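Comments concern the structure below.
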Amino acid sequence: MTGKRGYVVTVDGPSAAGKGTLARRLATHFGFRFLDTGALYRGVGLSVLRQGLDPADETAAAAAARALQPEILSDPALRTEETSAAASKVAAIPAVRAAILNWQRDFARDAARSSGGAVLDGRDIGTVVCPDADAKLFITASAEARAGRRVKELQARGETAIYARVLQDMQERDARDQGRSISPTKPATDALIIDTSDLTADQVFERALAFIATKMKA
Ligand code: DC
């Protein structure tokens, strides 16, 4: 890392593994800008649902991706299980990924220039979106640990959540995200992999910081 053009840190991994918490905390710590790229796919999924169309419909999803408005990214409906399932479907469509790719790269470049750095969290950031990133993290955990965390999150928001159902939905979504031919969820060869199943958020943060420090010195 030379620091001349700013730093890019990527945080990839499956849902509810703790990558969002970590990525936000890293961005705050370093004063970098943060982008939750999953919100972009959720925004596309939600906008297709709101039009009464099928998220698996390639033409409808691609049109929604090209017309994506930033306002939808703060819509509370972005976080429902219905939107999660729709996001996972639109994310498998190449034209949707193509529409979102440049958006993400522009963000990383502008943030690195204007704020000294960017932290992006997602599935393919270290492998496809920012393959030249300075530090890459892959945050994972067992499906059971992740389903348990998701149930707590949903309950905290006042939604009813049944563990077995959440686990099944998560496994279906994992299979779609990991098994798709385009940009599947997988660690970059130069990523640090952290399994958070038995770690606290603080322990994950400390490990990530130690890794990033070695990259910043390099
Ligand atoms: O991280 P999340 O649960 O908010 O992501 C929503 C969906 O978008 C999920 O099914 C994976 C997909 N996604 C993706 O394919 N690539 C990304 N960079 C981020 C998310």
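FYI, it's all coordinate maths here, none of it is from the lab. Just so it is clear, the structure is predicted and the values come from calculations on it, not from any experiment. Counting neighbours? That spans all protein chains shown, and the Cβs are built from the backbone with ideal geometry, glycine included.
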> Which members of region 23-59 meet the condition of being touching a Pro at 6+ places or on another chain (Cβ under 7 Å) and over 18 Å from GLY122 (Cα atoms)?
Replying inline: VAL48, LEU49
> Assuming VAL119 fulfils every condition listed in (1) over 13 Å from the mean Cα position of the chain (by Cα); (2) touching a residue at least 24 places away in the same chain (Cβ under 8 Å); (3) more than 12 Å from the ligand (Cβ to nearest atom); (4) surrounded by 15 or more Cβ atoms within 10 Å (Cβ to Cβ) apart from one, which condition is it?
Replying inline: (1)
> Which one of the conditions (1) within 13 Å of the ligand (Cβ to nearest atom); (2) in a helix (DSSP H, G or I); (3) under 23 Å from ARG157 (Cβ atoms); (4) of a type in the set (S, T, N, Q) does SER15 fail to meet, given that it meets all the rest?
Replying inline: (2)
> Which residue out of ARG105, ARG97 is within 16 Å of the chain's Cα centre (by Cα) and within 11 Å of the ligand (Cβ to nearest atom)?
Replying inline: ARG97
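Yes/no per residue for (1) part of a strand (DSSP E or B); (2) over 18 Å from the mean Cα position of the chain (by Cα); (3) closer than 20 Å to ALA111 by Cβ:
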{"position": "ARG24", "(1), (2), (3)": "no, no, yes"}
{"position": "ARG42", "(1), (2), (3)": "no, no, no"}
{"position": "PRO55", "(1), (2), (3)": "no, yes, no"}
{"position": "THR59", "(1), (2), (3)": "no, yes, no"}
{"position": "ILE72", "(1), (2), (3)": "no, no, no"}
{"position": "LEU78", "(1), (2), (3)": "no, no, no"}
